[in-house]
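Report on the following structure.
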Amino acid sequence: MLYRLKFRKIVQGVCEELIEAKDQIEAEWRGRAWCDAHPEVVQRFISVLPAVVADEQSFPMPKAEAVKKSARVGV
């Protein structure tokens, strides 16, 4: 799953990057590690939020709708 990493650079202010992780805990760990891995540019970790609001796993399309859509599209 994709997560939005928010961090603060001293010169540019708040910036965002996309990181991939399997859950929120791993995303926070990866975000903090990413910020710490760039010592030449001082970056402060702010937060990590899911980048995808709704996906197939959280909101699956009903079978009937999927059949109608695939017939209409021609898949």
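The values are calculated or read from the model by the stated rules, or taken from the named source; none is laboratory data. Predicted model only: the values in this text are computed from it and were never measured. All Cβ positions, even for glycine, are placed from backbone atoms using ideal geometry, and neighbour counts span all protein chains on display.
Within the range 18-51, the set of residues being modelled with pLDDT of 90 or more, touching a Lys or Arg at 6+ places or on another chain (Cβ under 9 Å) and not hydrophobic (A, V, I, L, M, F, W, C) comprises Glu20, Gly31, Ser47. Can you find even one residue in the range 36-43 that is more than 12 Å from the chain's Cα centre (by Cα) and among the small types (Gly, Ala, Ser)? Yes, that holds for at least one residue. Just to be sure I understand the filter: pairs with C-beta atoms under 6 Å, separated by 6 or more residues or on different chains, first member in the range 27-54 and at negative phi, second member part of a loop (DSSP other than H, G, I, E, B). Which pairs pass? Pairs that qualify, where the first residue is at negative phi and the partner is part of a loop (DSSP other than H, G, I, E, B), are Ala27/Ala21; Arg30/Ala21; Val42/Ile10. Considering the range 43-67, the residues that are assigned to a loop (DSSP other than H, G, I, E, B) and touching a strand residue (DSSP E or B) at 6+ places or on another chain (Cβ under 7 Å) include one that is surrounded by the fewest Cβ atoms within 10 Å (Cβ to Cβ), namely Val52. Scanning the range 12-35 for residues that are surrounded by 10 or more Cβ atoms within 10 Å (Cβ to Cβ), part of a strand (DSSP E or B) and small (Gly, Ala, Ser) turns up nothing.
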